[in-house]
Amino acid sequence: MIPCTKQSPNAIVVAIALVGVLSGGSAYSDALDIVHEKPSTYPIPYYDYALHDVGQLGLLVSNHGIIGPGWVDFAAPSCDFPLGSLKRYFNCAGLIVGGLRRSDSLVTDMWEFRAGFDANAAIKIQSSVRSSPYYNAEARSEQDFICTYADTFVDPGQINPYDNRLRIPLNIEVTERSYSWSYSYAADFVLFHFTIRNIGPDSLRKLFLGYEVMGNPYYYNEYNGDDDALCGFRRLAKSSKRICPTDDTIAVAWIADNDGDPNGELEWDVYSLPSAVGIQILGTSRPYQVFNYNWWALYDDWGPRKAGTEDNPYRDFGIGMGDPRSDRNWYYMLSHPEFDYDQLFSAFDHSNEGFFPPPKDALDYANGAQIQYVLSFGPYDLAPGDSVSFAMALVAGENFHVNPSDFEEIFGTYNPIAYFATLNFDDLDRNARWAEYVYDNPGVDTDHDGYAGEYCWSYAWRDTTPDIPDDSFVVDSHKVYYKGDSIPDFRTVAPPPAPIVRTFPSYGQIIIRWNGRDSETAVDFLTQDKSFEGYRVYMGKEDRLSDFVLLSSFDIEDYVIWQYSDLLGDWVKQGLPVTRDSLKILYGPDFDPTQYDNQYHAFTDPTTGAYRFFAPQDWNQSDLSDPLKIHKLYPDASKDNPDDTTDEGNMRYYEYEYVIDNLQPSEPCYLSVTAFSRGSLDENVGVLETSPLVNVVRDFPLPSSTMVEKEGLKVIVYPNPYRVGDGYARDGYENRDRLKRVEWSREIHFGNLPAVCKIRIYTLAGDLVQEIDHYYPNGGPGSQEETWNMISRNTQSITSGIYIWSVHSDKTDQLGKLVIIK
């Protein structure tokens, strides 16, 4: 199992040092059995892992360059989409670099990088989220992971059988940065930035950089896949800016299940895999001359290969036509100009494009296989100390497969053109565009040299006489940027920051409080304007996004102004929403915008004579006096008195509260307060809201540990008796996470605990069954509650019987009986 940082809503960090069974503190760690370390004859490196989990992609990254578990056998997501679904879209992926050093062709793949041998090699985590324990003002995203690794660690006992020699490193060091966001338009991708530096004494020539993916989409808890992946390369997509004449270049190497895995009735179910994921190269610090895309069926060792020419001769890999294996073969693949056709078309003859004819079993490959592919580009020359950088995105797209029966009905007769036409790239295209925009903001002159990117003109036309063709005329025009200035930004429009949530539990009730000063005064870096609109309170039974339900909402009373344009002959939105008070200043103290809320009840501007109506922005639920809704904790506090603060130093004016009653004390609650914006002038952005997962707090509607100790409350244990067949998971007493095995998902709860204590469970004969250290020295959410999974300290499921429990702290000793009926 993986040891994870306890109560870390923003990341799961793993540091693996030795082979063995390790204990953990996350939903993923409890699903694991044994960590299998790769045997080595040199000191064991320090392996560290972190999980991107603020968005909808669950992506495990390591401090040695591999995405996914690699050869470390545990259940954390390798590329799960959507997060928590257990739908995995590839096994592992990583950097590969090849070049010439002293005339020798050398390649370092993702398995050959190491970070170091102590905790200094750990992944650095930082976050732009102010409520995060990793908050850093320099963070680019809600989850920044930064690590450095090199290829200079050579195992003296590791001989490459294909090169028949010890591995020879290029002597390169890689700094990897990855970024993820929870915002609706950015939740489906993770951005990466790599800097490759020559740290050796020799110059590296004709260096090629690459990224390799080993993929076979599968549902984790059911099976390990049917070896039926499809891959391809998406070059162009229809322009996202309707007024721009050219298509968008997105350049995504994608992989998906061949048919989305419908069930036996040809319907989608919880095990289906209808999405696709891809790798997109976003930019490089130096231009490249060659860009390659190669794929092959991993186990069959076949892939498209060009026959070669006099200038670019064919190289026989010696075994098959797929996996290069040796350094020289790998370097040939990375550097040899070749762009493979999509896997669907494997049974077509591509000889006219320079490829070998298809093999006799090409139809099997076209039908799906376990796939490995690599994107590569170069060449670059690096003198000692020199570096080169590139950025990429790992992008996911929903609804790639739309109709569950398409594959059986169309592809069964091998009609790949017709089947390809059924594939839906819309969401993948959309997310790839957003990934590019976040990487390099269109219209933002990052280096202040006067160039803000590529644009086209948007024209507004007016046709005064519809019956007469070609008499329209331009009435307005403006620039629309669709490309950035080629200087990386890794920043984008964001909602106001989410507040830090505080909980105050008691029997059957939890009070939520927060201070909204940061949320309400934050200025967006792009618009340089305050964008705060309101708050929403959510509650869930699990920390999955799909489990959260909206309990209450507050938003400023403001209105979107729509004005009729005589030139356009239509209603046009006038900027951002404005408050009722602003409208009263404009039109008088008695003005009521709700009387003019649609085009049929328009208001005539007394100054300009323009027709206007005023649409409410959001729900305009602005009353903060109702104690049953979001309300001010100190309603008399003044915004103009910054010295009026709480004991914690927070301005009382910004203190809010929401009370949740009628809760079942035995069930944990996941609670969150989000902040959302008033919208954007860019129709593609709209209203932005923080994710409930960003500041989620888990707590029980039980007295806090402070109250327990102050009032000397008695420990409670439930369910007691515990009956295996009573459906406790359904009723919320125990974990419902599908990752867990049944024996490890059972839970008995201990409530009313002091913040620091030791729980012991004994048999009636006095034998110690299990011992649990409950350690929350600072109190806080969850400090009054602990669970036991009914597994003994010998990792065995316990039997039916009567057991004795004890709770010992420096202030109390309590005993009780526990009955378990299986």
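Stretched out straight at 0.36 nm per residue, the stretch from Y507 to S800 would grow longer than its current Cα-Cα span by 102.4 nm. Counting only DSSP H runs of at least 4 residues, each contributing -39500 (n - 2.57), and dividing by the residue count of the chain, the helix-based mean residue ellipticity at 222 nm comes to -2000 deg cm²/dmol.
Give the calculated FRET efficiency between S582 and E138 to the nearest 0.05, with a Förster radius of 35 Å applied to their Cβ-Cβ distance. Calculated value: 0.50. Counting only protein heavy atoms and a probe of 1.4 Å, the accessible surface of the chain is 49% carbon and sulfur. The gain in end-to-end length when the D104 to D447 segment is fully stretched comes to 119.5 nm, 0.36 nm per residue minus the alpha carbon separation. Protection proxy ranking for 283-295, 563-575, using the average of other Cβ atoms within 10 Å per residue and placing the highest first: 283-295, 563-575. Computed over the chain, relative contact order equals 9 percent, with contacts defined as Cα pairs under 8 Å that lie 6+ residues apart.
Taken about its Cα centre, the chain carries a charge dipole of roughly 2140 debye when the Cβ of each Lys and Arg holds +1 and the Cβ of each Asp and Glu holds -1. Using the average count of surrounding beta-carbon atoms within 10 Å as a protection proxy, the listed peptides 110-122, 354-366 rank, highest first, as 110-122, 354-366. Between E454 and T195, the simple label model (points 7 Å from Cα in the Cβ direction) yields a spacing of 2.8 nm. Indicate the gyration tensor shape class of the chain (rounded, prolate or oblate), computed on the Cα atoms with a ≥ b ≥ c the square roots of the eigenvalues: a/c under 1.5 is rounded; otherwise a/b larger than b/c is prolate and the rest oblate. Judged from the Cα gyration tensor, the chain comes out oblate (a/c at least 1.5, b/c at or above a/b). For K479, go through the aspartates and glutamates and keep the ones whose alpha-carbon is under 18 Å away, minus same-chain ones fewer than eight residues off. By straight Cα distance, K479 reaches D247, D248, D440, D445, E454, D682, E683.
When peptides 400-410, 329-339 are ranked by their average number of other Cβ atoms within 10 Å per residue, the highest-first order is 329-339, 400-410. Legend: distances between Cα atoms for K87/K124; K541/K629; K714/K811; K714/K758; K714/K817; K632/K710; pairs beyond 18 Å are K87/K124; K541/K629; K632/K710. Using the 1.4 Å probe convention, the accessible area of the chain works out to 44 Å² per residue with neighbouring protein chains retained.
The values are calculated or read from the model by the stated rules, or taken from the named source; none is laboratory data. Predicted model, so just to flag it, every value in this text is computed and none were measured. Here Cβ is always computed from backbone atoms with ideal geometry, including for glycine, and neighbour counts include all displayed protein chains. All accessible areas refer to the heavy atoms of the entire protein, side chains included, with ligands and DNA or RNA removed. Shrake-Rupley method; radii C 1.70, N 1.55, O 1.52, S 1.80 Å.
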